[in-house]
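Okay, structure first, notes after.
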Amino acid sequence: MEYFEEIQDRVILIGVQADRGDDMEESLDELGELAATAGAAVAGRIIQNREAVHPGTYIGKGKIEEVKGLLYALDANGVICDDELSPAQMNNLERELECKVMDRTLLILDIFAKRAVTSEGKIQVELAQLRYRSARLVGLRSSLSRLGGGIGTRGPGEKKLETDRRLIRNRISALKQELSQVEKHRELIRSRRAVGNLKTAAIVGYTNAGKSTLLNTLTGASVLSEDKLFATLDPTTRLLTLDDGQQLLLTDTVGFIRKLPHNLVEAFKSTLEEAKYADYIIHVVDASNPQAEIQMHIVYETLKELGALGKKTITLFNKQDRVSGESFRDLRADHTLKISARTGEGLEEFKQLLSEILAEGQIYMERLFPYSEAGQIQLIREYGQLLSEEYTEGGIAVKARVPREIYPKVT
């Protein structure tokens, strides 16, 4: 039997240094990680210093010739640009270089297409892909017919390129309706949580900071956890019961990244808004990454865009098992702790902190309710946390935590 393997893309990374404050080398390092996650091999990289990207070809004419030579010398079959290209830039570059041309957005979309597991995730990815590709149909069609397969062609995108723009618009409209139903379902789940008066915390952070490992370690969840960018895509919510009996819902959200494509922010808004509607933010930082401070800034900028700033925030400087002397601060957080989600270092201290935060504004009470006053227990269930109830001859023995404003009504 004969087996066929997909030919691995060998790519050259291209970046334009327009802002002297940006570190293009580090941005291309991350682009290289994204390329590896998507299954490509990075053959080389080129950076051009310009006041602004070239409106027609992203890089200047001289650099195009340099890239041509590098493609031949390194036996590469594609390039990846570190910014989102306009349709004209992509078509012109493809014509000049005669190879597959991708940008950061297309690369991230490709990774998301591989990572989406739930129906919601798949809808969101397809919607983002179609929005991106609808303006690039002509250029991508010629590219794919010549090169075939590889990065940027996974998921629904390839078959959609064979249709016209009208059909794509219809598909986008249908996906929006499906996503609207999913959002209504998510809002219903949120409202049910509110009735149970369970507090929620959104675990946010840069991609690969260790959010899923933290959720797995704390709650015994079985979320995929790999040392890769965007290892997990679909949000997972699990119940955490603390040592003192208090409970908290933890939601693992999709990782943030620099230059997060606008189409993805729009498509994943319902997922990302878990942070907006959460009571607390748990910000996980990879303390072993030299770019930790930059990544923290990107996370806060994304939270700002989502309208999720201003909540009580705990920053966890994770991966302490890999740290050798690095020390970071987060002046925007209410609390900071050093932890290792992998080894468990600092997690008991973290859980104790969660208990203290949850107890703020609540009063612990123990009371024996006569059966004639059993209706008051419903108030505790609705607004507080009923830790235990025991039916005795004299009445119902209750242990609970209730908000200060409710306490006078149940004592």
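Cross-link reach is defined here as a Cα-Cα straight distance under 27 Å, omitting same-chain residues fewer than 8 places apart; for residue 68 the lysines meeting it are 100, 259. Close amide-amide hydrogen proximity is noted between residue 14 and 46, 80, 81, 82, each under 5 Å apart and 5 or more residues distant or on a separate chain (H modeled in the peptide plane; Pro and chain starts excluded). Taking each residue as 0.36 nm, the span from residue 378 to residue 329 lengthens on full extension beyond its C-alpha to C-alpha distance by 13.3 nm. A crude spin-label estimate for the pair residue 397 and residue 199, with each label 7 Å from Cα along the Cβ direction, gives 2.8 nm. The stretch 49-80 and the stretch 236-257 have Cα centres separated by 46 Å. Pair-distance distribution P(r) for the stretch 362-410, from all Cα-Cα distances in 10 Å bins starting at 0: 30, 59, 11 percent. Among 252, 321, a tally of other beta-carbon atoms within 10 Å of each Cβ gives an order, fewest to most, of 321, 252. Here residue 52 and residue 297 are evaluated by their C-beta separation; at R0 = 30 Å the FRET efficiency comes out at 0.85.
Counting neighbouring beta carbons within 10 Å and listing from fewest to most, the residues 328, 112 come out as 328, 112.
In this label model, residue 309 and residue 181 are separated by 3.8 nm, measuring between points 7 Å along each Cα→Cβ vector. Per-residue 3J(HN,Hα) values for the stretch 388-399, derived from phi via the Karplus relation 6.51 cos²θ - 1.76 cosθ + 1.60 with θ = phi - 60°, read 7, 9, 10, 8, 10, 5, x, x, 10, 7, 10, 10 Hz in sequence order (x marks Gly and Pro). Any number yet on Rg/Rh for the stretch 198-358, C-alpha, Kirkwood? Using only Cα positions, Rg/Rh for the stretch 198-358 is 0.92.
Fully extending the segment from residue 404 to residue 174, taken as 0.36 nm per residue of separation minus the present Cα-Cα distance, adds 78.0 nm.
We did not get these values from a lab; they are worked out from the coordinates using the rules stated. If you're wondering where the values come from, they're calculated on a predicted model, not measured in any experiment. All Cβ positions, glycine included, derive from the backbone under ideal geometry; neighbour counts span all protein chains shown.
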